Structures are given as C-alpha cells and as structure tokens.
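First the structure, then my questions, so here it is.
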Amino acid sequence: MSSIPELGSSSTTSWFSGSPASRAALVLALVLILLATSGWTAIRNHRPEPGPRAAALTAWAHGRVDGRELPDPGASAEAVAEFFLSLDRAQRRRLADRYPLVVGNLGGVPLTLRYRANREALRQARAAEEERTHDRRLTDLGRLQAVRRVHRFTSMLGHGRQILAFDPTGGGRAAEVFGDLASARRVSVVVPGVDTDLLSFERTRRKYTAPAGMAQALYAAEREAAPRARTAVIAWADYTTPAGIGVDAAAGRLAEEGAVRLGSLVDSLPGGSRVSLFCHSYGSVVCGVAAPSLPSRVTDIAVSGSPGMRAGSAADLGGRARIWATRDADDWIEDVPNLELGALGHGPDPVSPSFGARLLSAAGARGHAGYFEPGTASLRNFAKVGVGALGSVSCSGGGDGCRTGANGSTAV
C-alpha cells in the first residue's frame with residue numbers, strides 16, 4: 001500500500017485528476033485493493049481496545065456512595081444530573097478523584113466537576129506515560145510515543161484549560177471547551193475528521209488544522225462577530241476517527257459510532273442553548289449520520305471539505321437544522337468521486353447545487369485543512385452562523401442565495 005498517497009499530501013491531487021470516468025475507475029480499483037488487503041474484517045470484526053477506561057468502568061460498576069449504587073454510564077444526562085445533585089460537595093469530589101475516567105466523561109455531571117475529574121485523569125495518564133519512557137521492553141519508537149504523550153498531557157493540564165472529555169485508551173479521545181459553557185446561549189461544536197487522536201488534538205505548527213486550534217479560532221471569531229453574545233465552542237474529538245486512507249475512511253461504521261456519541265454530547269449540554277455543528281472532512285459524515293436524530297436545539301450544521309454526508313440531499317438529513325457547506329478551490333477532496341459501493345462511499349457532494357445545502361464562501365482558505373485559519377471567509381462565516389448573524393454571511397460565488405430564507409440576522 002506504499003504507492004497510495006497519504007491524505008492531504010501533494011501527490012493526492014494528481015491521483016484524482018482526469019475525466020470523471022477515469023476517476024471513478026481509479027476509486028473502484030482503490031476500493032478493491034483495500035478490500036483485498038484490509039478486507040471486510042476491518043469493518044466487521046472491530047473490537048474495542050481494552051485500556052484504563054475499561055478498568056475504570058469495572059470499578060465504577062462495583063462502587064457505592066453511602067450504600068447507593070452509582071448510575072449506569074449509559075444513563076441519560078438527566079438521570080446522572082439528578083444523582084449528583086443528591087450528593088454533597090465532598091461526596092462529588094470523592095467520586096471525581098476516585099473514578100476520574102468515568103466522572104470526567106459522564107454527561108449530566110456538573111461541568112466544573114468534569115473538568116476536575118479530567119485533570120486528575122490527565123495527571124494519572126501522564127504518570128503512566130512517564131514510566132513508559134524508561135521501559136526498556138518498548139522499542140525506541142514506543143518510548144518516543146510515550147514522550148510525546150507526556151508532553152501532550154502536560155499541555156492539556158495547562159492553567160485554565162477546560163477538558164470536557166478525556167480517554168487515553170489507544171490513540172485516545174478528548175474534548176475541550178472554550179468559553180463559559182454553563183452560561184452560553186449559543187454553543188458551537190467542532191467535529192474533526194480522519195487521523196484525530198490525542199497526539200493530533202492540538203499542534204504548535206499548523207495550529208488551526210487541529211481540533212483545539214480550530215475551536216480556539218472559531219471562539220475568537222465568534223467573539224469578534226458578536227462581542228456581547230454568550231457563546232462557547234467545543235473541540236469535540238471524542239470519537240474514534242479513521243486512520244488515513246483505508247476501508248474505515250470509506251465506510252460508515254466509525255461515523256455511526258461517532259454519531260451516537262455526538263448525540264449524547266448534544267443531549268448533555270446544559271441549559272437551553274442553541275447548538276451549531278461545524279463538521280470537517282470525515283466529521284461531516286458523522287454529522288450527516290447523526291442529523292436525523294438530533295434535537296431541535298441543533299439549528300445549524302456546516303460542513304467543510306466533505307466527502308459526503310450519507311444522505312441523498314440536505315432535505316434527506318431530516319430535522320430542522322439549516323445545512324451549510326463550503327469547499328475551497330485547493331481542496332483535493334473535490335477530485336474524489338462521490339460514489340457508493342455497498343457499504344463504502346458517503347453519497348453526493350454537499351457543495352453540489354443539487355444537494356440543496358446553503359453554500360458559503362471559503363475565500364482565503366487553502367487546502368483540505370485550511371477552513372479555520374484566521375482571516376479566511378470560511379472562518380468568518382462559521383462564526384456568523386455560530387452566533388446567529390445569518391444575514392451577514394458571504395455566499396459562495398457572491399450573491400445572496402445562501403442567505404435566502406435563513407431567518408436569522410441578530411446574535412443572541
């Protein structure tokens with residue numbers, strides 16, 4: 001498989017150039033290669049990787065507080081919230097300190113307690129990785145990975161950071177809040193795509209291509225667009241993403257699993273805030289799968305660099321959310337044919353006029369990962385969608401077609 005280009009590499013565009021027929025034939029050939037090498041077993045026989053969270057869930061199942069059973073981790077956010085409201089402050093803190101990998105990831109737990117629990121989980125995970133840096137049973141690469149994770153966890157423990165979810169199992173998952181989520185009237189959720197894990201959750205170089213940087217840029221842009229609006233932005237990398245080009249990236253299994261987790265996040269958000277989803281690359285597949293079952297508080301779904309949303313049209317996504325889409329001229333995803341072959345492929349192109357999405361300008365954005373770069377029209381438009389200033393978004397190709405009937409011109 002060494003001859004297949006990496007996602008986003010400079011050679012990717014040349015692979016997908018040529019006539020539509022030749023590109024379709026190429027994709028079909030790639031699919032057959034992937035199935036021959038990875039096989040359908042990559043889809044059918046996936047098993048969750050055991051790790052510290054699994055151990056924490058086992059301990060939680062046997063835990064008690066004043067003789068009472070602890071809530072099922074699958075319980076509704078309302079049931080979990082009711083349980084924690086029945087505890088005093090000391091009891092809540094004991095649970096957070098004793099079971100941080102459960103409490104920190106449990107919808108319905110008070111936000112400040114989740115942040116506290118995840119800081120403890122990060123400290124424990126960092127200590128475990130520090131030990132691995134000296135483990136001679138590991139390869140040099142294994143020890144180097146441990147060093148990188150120590151650095152990442154140290155960064156995530158930085159002052160003022162609000163980690164909403166954290167699980168170090170495997171490549172790991174995380175979510176971070178920018179702003180005051182408890183008081184926000186509008187909440188934006190950034191849903192990233194392939195190759196997202198704890199090590200790529202944030203970056204020093206190419207900062208705005210990583211979930212934390214994307215969310216940070218969106219929050220700053222929303223504050224600029226509507227300084228008085230009560231907003232918060234979540235960098236939501238709390239699902240298992242595909243690893244590069246492969247069967248998982250072309251299939252919907254991980255999107256279906258991610259859609260369930262995304263729905264749980266939305267259900268657990270405090271208060272009656274309006275919610276907008278900003279879904280990049282494979283993240284748009286997750287949002288498309290989730291869309292029909294999302295509550296009415298989700299008012300807008302904006303996709304960028306999308307390979308498809310597993311829907312025939314915007315109307316097929318159901319729900320009441322407005323569907324927005326954008327793609328810049330340099331994004332190689334444009335050259336990927338929107339095919340469906342059995343369980344593979346994600347359906348029509350969301351920026352195709354026939355799909356029916358509201359098309360936003362992405363002027364200034366470069367490449368597949370440039371949509372959240374400060375100064376781009378795409379980021380400005382995302383911010384206006386996030387704060388509800390829909391009457392001032394800029395449409396693709398000029399004009400006002402994307403604003404027609406949007407019914408929103410003021411930020412609240």
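All of the numbers you see were taken from the coordinates with simple rules; none came from a lab. Not measured: the values here are computed from a predicted model. Using ideal geometry, Cβ is built from the backbone for each residue, glycine included, and neighbour counts are taken over all protein chains shown.
Any idea which of 87, 382, 251 is furthest toward the positive side of the dipole for the chain, if Lys and Arg beta-carbons carry +1 and Asp and Glu beta-carbons -1?
87
How would you order 212-220, 361-369 from highest to lowest mean count of nearby Cβ atoms within 10 Å?
Numbers: 212-220: 23.6, 361-369: 19.8.
Packing proxy ranking, top to bottom: 212-220, 361-369.
Ok, one more. Sort 242-251, 188-197 by the packing proxy (mean of other Cβ within 10 Å over each peptide's residues), most packed first.
Details: 242-251: 19.9, 188-197: 25.6.
Taking the mean over residues of other Cβ atoms within 10 Å, the ranking is 188-197, 242-251.
Here's something else I'd like to know. Mind checking the log10 I(q)/I(0) for the chain at q = 0.10, 0.14 Å⁻¹? Debye, one equal scatterer per Cα, no solvent, two decimals.
So the normalised log intensities work out to -0.68, -1.31.
Continuing with this model, one more query. Return the FRET efficiency for the residue pair residue 335, residue 243: r is the Cβ-Cβ distance, R0 is 22 Å, and the value is rounded to the nearest 0.05. Each step should come with its number before you reach the end.
Working: r = 22 Å, r/R0 = 0.98.
Rounded to the nearest 0.05, the efficiency is 0.55.
Please give the calculated 222 nm ellipticity per residue for the chain, where each DSSP H segment of at least 4 residues contributes -39500 (n - 2.57) and the sum is spread over every residue; nearest 500 deg cm²/dmol?
Details: 14 runs with 153 residues, N = 412.
Per the formula, -11000 deg cm²/dmol.
Next question. For region 56-148, calculate the relative contact order in percent as a whole number, restricting contacts to Cα pairs under 8 Å that are 6 or more residues apart. It would help to have the intermediate numbers written out before the result.
Details: 86 pairs, mean separation 19.2, N = 93.
Taking the mean separation of contacting Cα pairs over the length of region 56-148, I get 21 percent.
Any idea what diffusion coefficient region 173-255 gets from Stokes-Einstein, in µm²/s, Kirkwood Rh on alpha carbon pairs, 20 °C, 1.002 mPa s?
158
Further question: Between residue 61 and residue 320, what's the calculated FRET efficiency when r is the beta-carbon distance and R0 is 41 Å? Round to 0.05. Don't skip to the end; give the middle numbers.
On the way: r = 38 Å, r/R0 = 0.93.
For residue 61 and residue 320, the calculated efficiency is 0.60.
In the neighborhood of residue 78, defined by Cβ-to-Cβ distances under 14 Å, what is the net charge if each Lys or Arg adds +1 and each Asp or Glu adds -1? Please list the in-between numbers first.
Working: positive: none; negative: 72, 82, 267.
Net charge in that neighbourhood comes out at -3.
Let me ask you something else. Measure off 7 Å from each Cα along the Cα-to-Cβ vector at residue 313 and residue 91, then give the distance between these two points in nanometres to one decimal.
Each label point is offset 7 Å from its Cα along the Cβ direction, giving 5.4 nm.
Still on this model: Name the helices (complete DSSP H segments) of the chain with a Cα length along the long axis of 20 Å or more and a Kyte-Doolittle mean of at least -0.5, or state none. List each step's numbers first, then the result.
On the way: long enough: 20-37 (25 Å, 2.06); 111-132 (31 Å, -1.35); 140-156 (24 Å, -0.45); 211-225 (21 Å, -0.12); 253-268 (23 Å, 0.09).
In the chain, the long hydrophobic H runs are 20-37, 140-156, 211-225, 253-268.
Additional query: What shape does region 169-403 have by the C-alpha gyration tensor, where a ≥ b ≥ c are the square roots of the eigenvalues, rounded means a/c under 1.5, and otherwise prolate means a/b greater than b/c and oblate the rest?
Working: a/c = 1.28, a/b = 1.12, b/c = 1.14.
Rounded shape, in that the Cα axes give a/c under 1.5.
Mean separation of Cα pairs under 8 Å and 6+ residues apart, divided by the residue count of the chain: what relative contact order is that in percent? Kindly include the intermediate steps, with their values, before the conclusion.
Values: 808 pairs, mean separation 53.5, N = 412.
Relative contact order here is 13 percent.
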